[in-house]
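Here the structure comes first, spelled out in structure tokens, and everything after it is commentary.
Each value in this text was obtained by applying a stated rule to the coordinates, not by laboratory testing. What you are looking at is a predicted structure, and each value in this text was computed from that prediction instead of being measured. Positions of Cβ are generated from backbone atoms using ideal geometry, with glycine treated the same way; all protein chains shown enter the neighbour counts.
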Amino acid sequence: MTSKAIRDDAKVLVTGGCGFIGSNFVRFALENRPGWSIINLDCLSYSGNLENLTDIEDDPRYEFVKGDIRNMEDVEPLVKRCDAVIHFAAESHVDRSILDAGPFITSNVQGTQVMLDAVRRVKSDGGKAPVFFFVGTDEVYGSLPLDQPELMFTEETPIQPRGVYSASKAGADLLVQAYHETFGLDTRTTRCSNNFGPYQFPEKVIPLFVTNLIEGQQVPLYGDGLNVRDWLHVDDHCEAIIAVLEKGAAGSIYNVGGNNERTNLELTHLIIELMGKGKDMIRHVEDRLGHDRRYAIDPTRLKGEIGWQPTRSAWPEALEETVKWYVDHPDWWKRVKSGAYREYYEKQYAGR
Ligand code: NAD
Ligand code: DAU
């Protein structure tokens, strides 16, 4: 373990800070690291929503920049100004990657390459290159069978993605490791399991199912519903990122997970129960193509070396709190579902 890698008054560049995890991270970091200032670079793709951060948008420690990680002109001036880059920006939805691979390759692979090259340029120009933090996913390890519950992904598990989204994230992840080995960049990588919490775009299973039920619609459960995911509260993920940034070594890789495996059927039943609805609200639909059967993360390294523990992810309480957030924030998700959230940029930033 190294000494603290970044200063208490660090300038941190967050990419994708208008998405689900990025926006929760910006809020979490401003609250828990009062000395930090944060630049948020986001192109406001369909899942980027400025309304996720209205509560902190006037904080003098926060700056939003509309730009694309695929454009060096957007990226380089910001990278030069910061001590750390936390790279969330990506196309993140598996079902969309099945419909159209293109944006996943350009944003996830090429975008990460541009980010890494910008950091590399600072280093080769003799400046102090920022730490590059890659927010990766457990999906890069592929899929586990249901009949061997003892199997889990460790950091030594070979990378074996099975889908377009996971292959694009694996490409980015491997590039990060390559830039550390080849150019000596100070990189950190986490590979995290499924997150839940507020401000998640309602195409992912939890907000989709909760908001459908509020609207009196059935929930579309893929296949037999026995696929397993490991669920972690987004704030536990944010805490892990800060811990690895501050305490991890250059080039380190950590799995992040909640030891909270659930079948989709179990998840669906719990959501239905929390919403006071009946099982007749489940609509069994055709399975996702190439649907990974089970993800299971072993976070032993993170717990042992960094001392991180999830403290907000225990079910059913944590899921109930998240369900309640969507029930209590209809204005937020109705604007997202209707597309009205896209007007906010013009209203807030026109002429700036
Ligand atoms: P999200 O789709 O909610 O947010 C992605 C954000 O990135 C959006 O604000 C979008 O506008 C921005 N973005 C996309 N392409 C961009 C580009 N070319 N230039 C600039 N900005 C761009 O996704 P999320 O669920 O918050 O995931 C964030 C990161 O965490 C992703 O890298 C994802 O792979 C990873 N991750 C997610 C989970 C999960 O459960 N959601 C788990 C593990 C890892
Ligand atoms: O494991 C981490 C990954 O988790 C992240 O890297 C991804 O960015 C994130 O989107 C998530 O991927 P999943 O495919 O696991 O998430 P999603 O919410 O799309 O689906 C969760 C499970 O629910 C999955 O097994 C498919 C199922 N599902 C999903 C939807 C949207 C359904 O049964 N019906 C649905 O309508």
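Being within 16 Å of ligand 1 (Cβ to nearest atom), crowded, with 20+ Cβ neighbours inside 10 Å and either among the charged types (D, E, K, R) or part of a helix (DSSP H, G or I) (or both) is a property that THR112 has. Among the candidates GLY197, GLY225, the residue that is in contact with a Leu (Cβ under 8 Å, 6 or more places away or on another chain) and within 23 Å of TYR295 (Cα to Cα) is uniquely GLY225. So if I check each of ALA118, ALA178, which one is surrounded by fewer than 18 Cβ atoms within 10 Å (Cβ to Cβ) and more than 13 Å from ligand 2 (Cβ to nearest atom)? Of ALA118, ALA178, the one residue that is surrounded by fewer than 18 Cβ atoms within 10 Å (Cβ to Cβ) and more than 13 Å from ligand 2 (Cβ to nearest atom) is ALA178.
With respect to LEU50, is the statement that it is over 18 Å from THR112 (Cα atoms), in contact with a Leu (Cβ under 9 Å, 6 or more places away or on another chain) and surrounded by 18 or more Cβ atoms within 10 Å (Cβ to Cβ) true?
Yes.
Among the residues of the range 164-210, the one identified as of a type in the set (Asp, Glu), within 13 Å of ligand 1 (Cβ to nearest atom) and assigned to a helix (DSSP H, G or I) is ASP173.
Inspection of the range 184-202 finds a residue satisfying the criterion of being hydroxyl-bearing (Ser, Thr, Tyr) and touching an Asp or Glu at 6+ places or on another chain (Cβ under 8 Å).
Against the criterion of being polar (S, T, N, Q) and either buried (at least 22 other Cβ atoms within 10 Å of the Cβ) or outside any loop (DSSP other than H, G, I, E, B) (or both), GLN148 does not qualify. Counting only strands (runs of 3 or more DSSP E) that sit completely within the range 242-341, those holding 3 or more residues that are closer than 30 Å to GLY216 by Cβ correspond to 282-285.
Only residues that are away from ligand 1 (no atom under 11 Å from the Cβ) and in contact with a Gly (Cβ under 6 Å, 6 or more places away or on another chain) were counted in the range 234-267, giving 2. Here's a check for you: in the range 230-279, which residue that is of a type in the set (D, E, K, R) and free of Cβ contacts under 8 Å to residues at least 24 places away in the same chain is surrounded by the fewest Cβ atoms within 10 Å (Cβ to Cβ)? Once the filter is applied, the top-ranked residue is LYS279.
Conditions tested, residue by residue: (1) touching a Gly at 6+ places or on another chain (Cβ under 9 Å); (2) over 30 Å from ARG262 (Cβ atoms).
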site	(1), (2)
SER124	no, yes
GLY127	no, yes
GLU139	yes, no
GLY142	no, no
LEU151	no, no
GLU155	no, no
ALA172	yes, no
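Could you tell me whether the range 283-294 includes any residue that is under 18 Å from THR137 (Cα atoms), basic (Lys, Arg) and within 15 Å of ligand 1 (Cβ to nearest atom)? No: the range 283-294 contains no residue that is under 18 Å from THR137 (Cα atoms), basic (Lys, Arg) and within 15 Å of ligand 1 (Cβ to nearest atom).
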